[in-house]
1. If you keep only loop residues by DSSP, which trypsin sites (Lys or Arg not before Pro) in segment 207-263 have at most 15 other Cβ atoms within 10 Å of their Cβ?
2. Treating only the Cβ atoms of Lys and Arg (+1) and Asp and Glu (-1) as charged, compute the dipole magnitude of the chain about its Cα centre; round to the nearest 20 debye.
3. Compute the normalised compactness of segment 190-240: alpha-carbon radius of gyration over 2.2 N^0.38 Å, N being the residue count.
4. Which residue fluctuates most in the GNM of the chain (Cα springs below 10 Å): Asn190, Asn117, Asn223?
5. Any idea how far the Cα center of segment 179-215 sits from the one of segment 139-156, in Å?
6. Quickly work out the Thr75-to-Asp37 label distance, labels modelled 7 Å from Cα along the C-beta direction, and quote it in nm with one decimal.
7. Using the Cβ atoms and a cut-off under 14 Å, what net charge is assigned to the surroundings of Ala166, where Lys and Arg are +1 and Asp and Glu are -1?
8. Which of the GluC sites (Glu not before Pro) across segment 242-273 are loop residues per DSSP, with 12 or fewer other Cβ within 10 Å?
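Bear in mind these aren't lab numbers, they're just calculated from the coordinates by the rules spelled out. In this text the structure is predicted, and so the values were computed from the model without any measurement. Heads up, the Cβs are rebuilt from the backbone with ideal geometry, glycines too, and the neighbour counts pull from every protein chain shown.
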Amino acid sequence: MNIRKVGVVGCGLMGSGIAEAAARGGYDVLVREVSDDILAAGLRRVEDSMNRSVARQKLTAEEAARARGRVRGTTTLAEFADRDLVIEAAVEKMDAKKAIWRDLDGICGSATLFASNTSSLSITEMASVTGRPAAFCGLHFFNPVPMMSLVELVRGYLTSDETAAACTAFATSLGKRVVITKDYPGFIVNLLMIPYLLDAVRALEKGVASKEDIDAGITLGLNHPMGPLTLIDFIGVDTTYYIAEALYEEFREDKYAAPPLLKQMTLAGHHGRKSGRGFYAYDKKS
């Protein structure tokens, strides 16, 4: 399975990062968003990220220019017909993802591989709405994609060895370290991380300590690079909430139940860094 042309569905924080990483890896990249305005914002995010890499001397200006030339955008899935691999990075809701995969299954050729960037949802369930469950897997990248070295490759119940090998080779070619996990809710990272993050929110709700002291306790006491509330803002308050909801739906265990505060912040639009306010306030400079 020779992957040369990559399609990315979604050009938000994750989709733009995946598109950038693939372009920097030498792949022809087509990224889709639902409107011209949202697409333009996503492509600007790719541009700004590469400019920062050039400023930090992680990338030469010539390399950045070549990578930019490999990325183009669209607002229609019909243009994905010639892709060798399609990676979906849409909202973390199963119904929305299934709708995308149903459409793509009728658009893409039979040899096209499908991969979801989901952080917690079932690969087997998504693959069930397509006619190619053997060619379907999870490729869970981490934010910010150009900097984070980990990718979780998730094997669905029917994912073939050939698909797993091809997608592992693709992610490895981007400079990523691939870990293999079965299709289990939360996979490796979120299965272990989400209860920890939710406990931090509960501690804040109960008044155990201030948000600043909770984060300082973890960064200084456990040598983590950032505290749990800062991390939630970075991941996205809404994204964390949706992952917790999905895990609770699967396990029905209290440790995965989203605290009321997390739900309220999601409904209020306080989604963290991307919205300008979460547990902390952010401006463009920060």
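1. Details: sites: Lys211, Arg252, Lys255, Lys263; in loops: Arg252.
Those satisfying the criteria are Arg252.
2. On the way: 34 positive and 35 negative charges, 137 e Å.
My answer is approximately 660 debye.
3. On the way: Rg = 10.2 Å, N = 51, 2.2 N^0.38 = 9.8 Å.
Rounded to two decimals, the normalised Rg is 1.05.
4. Maximum among the listed residues: Asn223.
5. What the calculation gives is 18 Å, centre to centre.
6. About 1.1 nm, to one decimal.
7. +2
8. Numbers: sites: Glu245, Glu249, Glu250, Glu253; in loops: Glu253.
Answer in residue order: Glu253.
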